[in-house]
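K.L.:
What follows is a single structure, and I will ask about it in a moment.
The values are calculated or read from the model by the stated rules, or taken from the named source; none is laboratory data. Just so we're clear, the structure is a prediction, and the values are computed from it rather than from any experiment. Cβ coordinates were reconstructed from backbone atoms using ideal geometry, including for glycine residues, and neighbour counts include every protein chain displayed. The protein model used for the area step is the full one, side chains on, heavy atoms only, and it has no ligands, DNA or RNA in it. Shrake-Rupley method; radii C 1.70, N 1.55, O 1.52, S 1.80 Å.
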Amino acid sequence: MKKRNASTRPTIDITRREFIATASASLATTALIGQGGRKSLADDRHRPRFHLMPPSAWMNDPNGPLYWKGRYHMFYQYSPVVSIMGPKYWGHAVSTDLVHWSNLGIALAPSPDGPDKNGCWSGSAVINDGVPTFVYTGVTWSAPGEEPERARGLVPERQMVAVAADPNDVNLMKWIKVPENPVLAAPPVSMKVVGWRDPAPWKEGDTWYMVIGSGQVGKGGMALLYSSKDLLKWKYLHPLAVAESEPGVDDARRPWLSMWECPDFFFLSGKPVLLVARGNVYLTGTYSDHKFQQTSRGQIDYGSTAYAQKTTKDDKGRRIWWAWIHEKRSTEAQASAGWAGVMSLPKLLTLRSDGRLAVEPVPELTALRRREKRISNHKIVPNDPLLLKGFESDCAEIEAEIELGDSHQAGVCIRSTADGSEQTLVGYDRDSQKLFCDTSSSSTDPQTQGLRPPVVGRGVESGALQIEKPELLRLRIYIDASVIEIFANGTVSLTDRVYPASPSSLGIGLFAKGGTAHLRSLTLWELAPISNDRLTSGAERFRV
Ligand code: FRU
């Protein structure tokens with residue numbers, strides 16, 4: 001199974017038998033959806049209403065966010081079976097405003113007997129001489145024969161290219177794989193890599209550069225750098241960057257722990273930034289002679305449920321960030337729901353004056369705001385979670401400003417029953433100076449607890465947040481059924497998942513611990529769903 005280690009990175013470590021077992025369990029799920037399951041999907045109260053996702057089944061990594069001819073396109077890893085090990089296709093959705101999405105179906109499918117016969121894995125979408133182009137990893141995965149090859153440093157991964165059949169089609173419906181495929185057939189000779197995938201190109205002058213995620217046992221992740229004039233003929237240059245120190249990477253039994261998945265490299269206000277999937281880490285530093293030297297590191301999202309981050313630059317020159325939000329309930333619960341995986345909201349990345357990155361929701365999202373409720377000047381008394389009368393929703397945005405006073409912890413309580421038996425706490429812990437989301441009591445459903453990897457269940461997720469004096473916590477929280485996206489003080493984000501057992505876990509309130517805090521103001525906006533059926537229509541376009 002693909003496993004998630006303590007540092008939040010999913011890894012693959014599967015036997016042939018497990019592979020077959022997972023695939024057949026998942027095929028049973030597909031049959032279930034086929035038997036008129038659409039209504040149950042649309043009625044599923046855990047299914048989001050303003051996040052992008054396919055009509056059913058499985059989504060993972062954002063692959064090619066792309067702005068083209070006035071439209072935002074999102075290509076993503078899609079599988080017709082609810083399983084991380086299912087065969088991977090590229091799903092496709094389009095939007096004119098970054099907020100409302102239409103599912104367009106499958107853009108890219110494995111070719112039988114082709115270098116991507118076992119899956120079209122992650123990659124990127126770029127514009128090459130006016131032609132939208134995919135660069136992605138094809139897999140020829142064959143588990144039984146694989147071990148000796150892996151020992152020699154060979155991986156069943158190839159780099160592939162596909163081009164838009166008609167660049168004038170604003171919807172980019174048809175894609176053609178180039179005859180030169182695979183454009184890269186193997187990693188550099190003599191390098192024993194544990195993986196070689198997720199290409200991400202960018203252009204400097206008339207030359208394309210591209211990083212491919214890779215790594216070596218005992219050494220850890222690296223991003224290998226290639227160059228090309230045409231995206232077809234590539235030359236290997238050197239590692240763009242190598243992990244500085246990664247505890248635990250010398251576990252040779254699990255070589256997948258030793259690689260960087262989904263690298264993404266770009267310049268933000270002239271400063272080079274390298275993203276890697278694990279931990280939603282970003283590295284900043286210097287870039288000369290096409291070598292990146294890391295000087296600092298941070299995390300764009302503190303939630304273990306956000307993974308495989310990917311950015312794009314839009315027509316306004318903004319750097320927009322996306323990630324796959326995976327589930328936090330048992331694989332059985334995912335299979336019986338008939339869907340798993342959600343695309344994050346688009347987030348805007350900017351460079352702060354101290355050289356760190358700031359992350360905020362894109363301003364376009366305010367278009368979803370409807371009915372508004374506001375409360376101001378309220379004392380938050382310790383150990384007394386206070387539900388606000390008339391403030392209830394699971395499809396909403398909250399903006400709150402809390403003076404921390406002499407409290408040790410303070411924040412906002414969401415998805416709460418009237419008696420607090422189910423509730424999720426979003427707040428700030430002053431002693432550790434951390435933003436946190438506490439889902440320990442978010443659900444009484446056993447399917448959210450004691451889970452087997454790769455799924456992590458309920459608990460506390462947190463990350464560093466420095467708040468200048470006078471200490472004012474500024475929260476923006478998006479609640480979309482089971483998806484919670486939190487932004488704090490205009491700088492950091494934390495994504496989490498909750499699956500309350502009670503349909504009445506809708507309450508919103510305040511909490512303080514160890515002292516008294518003060519609410520300056522809290523505004524709740526009901527948000528408008530982006531479709532009237534939780535994006536469940538159009539399943540026929542995803543038929544494989
Ligand atoms: C990250 C990842 C990528 C791979 C893809 C397959 O989640 O493992 O490295 O290309 O998913 O779906």
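K.L.:
Please turn the phi angles of region 80-89 into ³J(HN,Hα) values with the Karplus equation 6.51 cos²θ - 1.76 cosθ + 1.60 (θ = phi - 60°), one per residue in order, whole Hz, x for glycine and proline.
P.N.:
x, 10, 7, 6, 5, 9, x, x, 9, 10
K.L.:
Which distance in nm do the two modelled labels at residue 233 and residue 431 give, with both placed 7 Å along the Cα-to-Cβ direction?
P.N.:
Calculated label separation equals 6.4 nm.
K.L.:
Let me ask something else about it. Could you give the length gained by full extension between residue 39 and residue 244, i.e. 0.36 nm per residue of separation minus their alpha carbon distance, to one decimal place? Could the numbers behind the result be given before it?
P.N.:
Working: separation 205, 0.36 × 205 = 73.80 nm, distance 4.97 nm.
In short, 68.8 nm is gained.
K.L.:
Describe numerically, in nm with one decimal, the distance between label points set 7 Å from Cα along Cα→Cβ at residue 269 and at residue 117.
P.N.:
Result for the modelled spin labels: 5.1 nm.
K.L.:
Something else: Could you work out how much longer the chain between residue 169 and residue 97 gets when fully extended? Use 0.36 nm per residue separation minus the Cα distance between them, nm to one decimal. Please report the intermediate quantities before stating the final value.
P.N.:
Details: separation 72, 0.36 × 72 = 25.92 nm, distance 1.80 nm.
Extra length from residue 169 to residue 97 when fully extended: 24.1 nm.
K.L.:
In whole percent, how big is the carbon plus sulfur part of the accessible area of the chain, probe 1.4 Å, protein atoms only?
P.N.:
Numbers: 10380 of 20690 Å².
Reported share for carbon and sulfur atoms: 50 percent.
K.L.:
Using a Förster distance of 51 Å, how high is the FRET efficiency between residue 154 and residue 466, based on the Cβ-Cβ distance and rounded to 0.05? Before the final figure, lay out each step's value.
P.N.:
On the way: r = 46 Å, r/R0 = 0.90.
Once the sixth-power term is evaluated, E becomes 0.65.
K.L.:
Expressed as a fraction of 2.2 N^0.38 Å, the rule-of-thumb size for a compact globular protein of N residues, what is the C-alpha radius of gyration of region 483-544?
P.N.:
1.68
K.L.:
Report, to one decimal in Å, the Kirkwood hydrodynamic radius for region 327-400 based on all distinct Cα pairs. Numbers along the way, then the final one.
P.N.:
Details: mean 1/r = 0.0588 Å⁻¹.
Averaging 1/r across every pair of different Cα atoms and inverting gives 17.0 Å.
K.L.:
Then there's this: Give or take rounding to whole Å, what are the principal axis extents of the alpha carbon atoms in the chain, in descending order?
P.N.:
66, 56, 48
K.L.:
Once you have the Cα-Cα distance between residue 190 and residue 376, take 0.36 nm times their residue separation minus that, and quote the gain in nm to one decimal.
P.N.:
On the way: separation 186, 0.36 × 186 = 66.96 nm, distance 6.46 nm.
Net length gain for the segment: 60.5 nm.
K.L.:
Compute the helix-to-body angle for 16-34: its Cα long axis versus the longest principal axis of the chain, expressed 0 to 90° and rounded to tens.
P.N.:
It is inclined by approximately 60 degrees.
K.L.:
Within region 456-544, list the GluC sites (Glu not before Pro) lying in a DSSP loop whose Cβ has at most 11 other Cβ atoms in a 10 Å radius. Display every interim value, and only then the final one.
P.N.:
Details: sites: 461, 468, 471, 485, 526, 540; in loops: 468, 471.
Those that pass, being in a loop and sparsely packed, are 468.
K.L.:
Oh, and also: Between residue 219 and residue 419, what is the label-to-label distance in nm when each label sits 7 Å out along the Cα-to-Cβ direction?
P.N.:
Taking the simple label geometry, residue 219 and residue 419 are separated by 5.9 nm.
K.L.:
A further question on this structure: Keeping all protein chains in place and using 1.4 angstrom, which order do 100, 326 fall into by accessible surface area, from largest down? All intermediate terms of the calculation are to be shown ahead of the outcome.
P.N.:
Working: 100 75, 326 15 Å².
Sorted descending by solvent-accessible area, the residues read 100, 326.
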